[in-house]
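Participant: This is the structure I want to talk about, given as structure tokens.
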Amino acid sequence: DGVERIFIQWGFTHFFPSKSIAAHVTSWGKQPLKFRLDVAMMCKLGFDIQLHEMNEKEQILCQDVVKNFKRLQPVILDGDQYRLVSPYDGNHMSLMYASPDKNKAVLYTYDIHPRFGEKLLPVKLQGLDAKKMYKVKEINLMPNSKSNLAANEKTYSGDYLMKVGINAFTTNQAFSRVIELTAE
């Protein structure tokens, strides 16, 4: 399932670059489709799922995720990887990729098994240019839904994002976010 894949991919990324890891979206497990898509998008995105079993919104989401992956593929597969929050240290996980020129980054956050009322810490990013300004945008959203990420569509300095971070974790079970950062 998607949660187990987070641990597997976390371990693999210690030894293999993301472009050598194939991660497929499957119908295994009980995690929401979006969660499974976001996990698979951390590496070479693939599908092993029956399209006829999905409703129209899920099919549109899959198409959007593929478009986002193709657009961000140079950052995800060839960028510098940063492991930010280990799934072995708590109930959440975060990993990011930044382009070598530090103009584009992709941040992944996962709420694996959060506890009600737990203190949620901001995710401090790495690999950005402290002097550049970055626009934050949550992507891979279900059709007709809006991001509830407080930092969404806002601009922050790389220094702020690396020292203070953004509040991206929630107390929702099997919840994920993919956040694109673009230097302005």
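Participant: Would you point out which residue out of Leu77, Leu84, Leu72 is among the hydrophobic types (A, V, I, L, M, F, W, C), more than 27 Å from Asn144 (Cα to Cα) and outside any strand (DSSP E or B)?
Facilitator: One residue alone meets the criteria, Leu77.
Participant: Still on this model: Could you list, in sequence order, all residues of the range 129-143 that are more than 10 Å from Leu107 (Cβ to Cβ) and either open to solvent by 50 Å² or more (accessible area, probe 1.4 Å) or not hydroxyl-bearing (Ser, Thr, Tyr) (or both)?
Facilitator: Scanning the range 129-143 gives Asp129, Ala130, Lys131, Lys132, Met133, Lys135, Lys137, Ile139, Asn140, Leu141, Met142, Pro143.
Participant: Further question: Looking at the range 104-119 only, could you name the residues that are of a type in the set (A, V, I, L, M) and touching a Pro at 6+ places or on another chain (Cβ under 8 Å)?
Facilitator: Within the range 104-119, Ile112 is the sole residue that qualifies.
Participant: Since Ile8 meets every condition but one in (1) buried (at least 17 other Cβ atoms within 10 Å of the Cβ); (2) at pLDDT below 80, which condition does it not meet?
Facilitator: (1)
Participant: Do any residues in the range 76-90 that are under 22 Å from Leu181 (Cβ atoms) have Cβ atoms under 6 Å from those of residues that are of a type in the set (Gly, Ala, Ser) and at pLDDT 95 or above, where the two are at least six apart or on different chains, and which pairs are they?
Facilitator: Once the first residue is under 22 Å from Leu181 (Cβ atoms) and sits in the range 76-90, its partners that are of a type in the set (Gly, Ala, Ser) and at pLDDT 95 or above give Gly79/Ala98; Gly79/Ser99; Asp80/Ala98; Asp80/Gly127; Tyr82/Gly127; Leu84/Ser94; Val85/Ser94.
Participant: Now, a different point. Scan (1) modelled with pLDDT under 95; (2) surrounded by 13 or more Cβ atoms within 10 Å (Cβ to Cβ) for the single condition Leu149 breaks and write down its number.
Facilitator: The one condition Leu149 does not meet is (1).
Participant: Residue check: is Leu95 surrounded by 14 or more Cβ atoms within 10 Å (Cβ to Cβ) and over 28 Å from Asp48 (Cβ atoms)?
Facilitator: no
The values are calculated or read from the model by the stated rules, or taken from the named source; none is laboratory data. Because the structure is predicted, anything quoted here is derived from the model rather than measured. Positions of Cβ are generated from backbone atoms using ideal geometry, with glycine treated the same way; all protein chains shown enter the neighbour counts. Just so you know, the surface numbers come from the protein's heavy atoms only, side chains and all, with ligands and any DNA or RNA stripped out. Shrake-Rupley method; radii C 1.70, N 1.55, O 1.52, S 1.80 Å.
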